[in-house]
Amino acid sequence: MRISVIGCGYLGAVHAACLADLGHDVVGIDIDESKIRLLAAGSPPFYEPGLAELLTSTVASGRLRFSTDIADARGAAVHFVTVGTPQLEGSNAADLRFVDGAIENLLPHVQPRDLIVGKSTVPVGTAARLAARIAEVAPETALAWNPEFLREGWAVKDTMTPDRFVYGLAQGDERSEALLDEVYAAALATGTPKVVADFATAELVKVSANAFLATKISFINAMAEIAEVTGADVTKLADAIGHDARIGRRFLGAGIGFGGGCLPKDIRAFVARADELGVGESLAFLRHVDEINLRRRARVVELTRELAGGSLEGKTIGVLGLAFKPHSDDVRDSPALDVATRLIAEGALVRAYDPQAVETARARNPELHYASGTLDAVAGVDVVVLVTEWDDFRYLTPHDLESVAPGRAIVDGRNCLNPVQWREAGWQYRSLGRP
């Protein structure tokens, strides 16, 4: 099939490359010329394992090309809209300017019987509004909503072998369903489940999933707060309740909390949309989920201050991690970067290192001192603070650091180290929710 992908950010670049690898003829379109040049050269402007190799092979095959001209979408049978929906400035609501703009710019170039497919995460009701607009301008063009479920660090795998497909379609739109089946034929042939729903349900699937995961993470972090004042061990608590098949162990890792460019802004936009619909009380609990999540960042700073002797003024702190999660260079709403900047605000000299996110962090926070490696980050520091659970950090031992970190004090913000090992080696070890 000939396919266009409008918006070549994180979602769009991965989607375009994977579709081309499946054998489709794909053009990725974005207004950012520097981004397009990088992608065409097989060099993604962000870190995602496996993507550079996929871009190189699919561009070389001729099945994938990139352009800044929306007119190059003409001739494609299916047009995916994959632009961002950031948090609106001064509000928790989603900013839909990019989605609306992509649709308006695309409409002059669609042809009868084309299919426009939204993949962006949008407030419920957006697809119906856009469908009405498309019907005005191009009445023979259909709209579908096909939410994405990518995990940063696993995006290529999640696109090639997803755990489900969701199609939001107008009632009786069998042709659009057939077109999407053709796009995803390879995964569907392996038995990947498919859910066909109306627009509103499809829009709610993504934000509901994110709200549930955020709630689960904040739940175990709330239990960590209880554990800290009772002497309980939140890690063993999570193990115990995780054996319950109704609950499960995944996403029950207490620590510094969630971040990134999706989960925080999506749950806030979900709450804002519920308020607009007059059912804000239904999602009032998500405000508490957000508050619990942000409190964990403050708690890491508090623990660091305690290990530094009660004040961070003039103390040197080594921060291990900047990305919001491992296998990514994304520092949008990153708890790790937030902790580093809070430490600076209290007078600390911070040296930070991340295997992939140093440059993305530097672009946002140039005032930090960025180290060249783990040992450089912790050399001579009063306290080590681990805030992103890269393998480079989670497998550290006291022996690895003892010759360079004289303070022998560490805050494990991800509960990924062995506390017995570190304490027996003479280190002051603090973590979240563990005695």
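Just so you know, all these numbers are worked out from the coordinates, no wet-lab data involved. The structure displayed is predicted, hence computed values, not measured ones. FYI the Cβ positions are ideal-geometry reconstructions off the backbone, even for glycines, and counts take in every protein chain you see.
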Segment 199-435, relative contact order [Cα under 8 Å, separation at least 6], %: 22 percent
Over segment 2-197, relative contact order from alpha-carbon pairs under 8 Å, at least 6 apart, %: 19 percent
Student exercise, segment 199-435 dipole from Lys, Arg, Asp, Glu Cβ charges, in Debye to nearest 20: 320 debye
log₁₀ of I(q)/I(0) at q = 0.13, 0.14, 0.16 Å⁻¹ - segment 355-435, Debye sum with one point per alpha carbon: -0.41, -0.48, -0.62
Overall dimensions of segment 199-435 as given by Cα atoms, namely Rg and Dmax in Å: 18.3, 60
Estimated dipole of the chain in Debye, rounded to 20 [Cβ of Lys and Arg +1, of Asp and Glu -1, Cα centre]: 560 debye
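If we count GluC sites (Glu not before Pro) as exposed when they sit in a DSSP loop and have at most 13 other beta carbons within 10 Å, what is the longest stretch of the chain that avoids them all? Provide the component values of the computation, followed by the final result.
Working: sites that count: 89, 140, 313, 367, 402.
Maximal segment without exposed cleavage sites: 141-312.
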Net charge, residue 133 excluded, C-beta distance under 13 Å - Lys, Arg +1, Asp, Glu -1: -2
D_trans [Stokes-Einstein, Kirkwood Rh over alpha-carbon pairs] for segment 158-199, 25 °C, 0.890 mPa s, µm² s⁻¹: 231 µm²/s
Segment 343-435: chymotrypsin sites (Phe, Trp or Tyr not before Pro) falling in loop per DSSP and having at most 12 other Cβ within 10 Å: 395
Listed residues 244, 382, 330, most fluctuating in the chain (Gaussian network, C-alpha, under 10 Å): 244
Rg [Å, one decimal], Dmax [Å, integer] - the chain, C-alpha atoms: 23.4, 72
Selected from 71, 46, 58, residue furthest toward positive end of dipole (the chain; charges at beta carbon): 46
Chain lengthening between residue 215 and residue 100 when straightened (0.36 nm per residue, less Cα-Cα): 38.4 nm
Fraction of antiparallel bridges per DSSP, the chain only, in percent to nearest 5: 5 percent
Separation between Cα centres of segment 192-206 and segment 140-157, rounded to whole Å: 11 Å
Mean Cα-pair separation over length for the chain, i.e. relative contact order, pairs under 8 Å, 6 or more apart, %: 12 percent
Estimated inter-spin distance, residue 113 and residue 91, nm [label 7 Å along Cα→Cβ]: 4.0 nm
Segment 2-197: C-alpha gyration tensor shape, a/c 1.5 cut-off, then a/b vs b/c: rounded
Placed amide H near residue 170: partners under 5 Å, 5+ positions off or other chain: none
Three semi-axes of the equivalent ellipsoid, segment 250-390, Cα gyration tensor, whole Å, largest first: 30, 17, 12
Total lysine pairs under 26 Å (Cα atoms) in the chain, excluding pairs fewer than 8 apart on one chain: 25
Net lengthening on full extension, residue 182/residue 247 (0.36 nm per residue, minus Cα-Cα): 19.8 nm
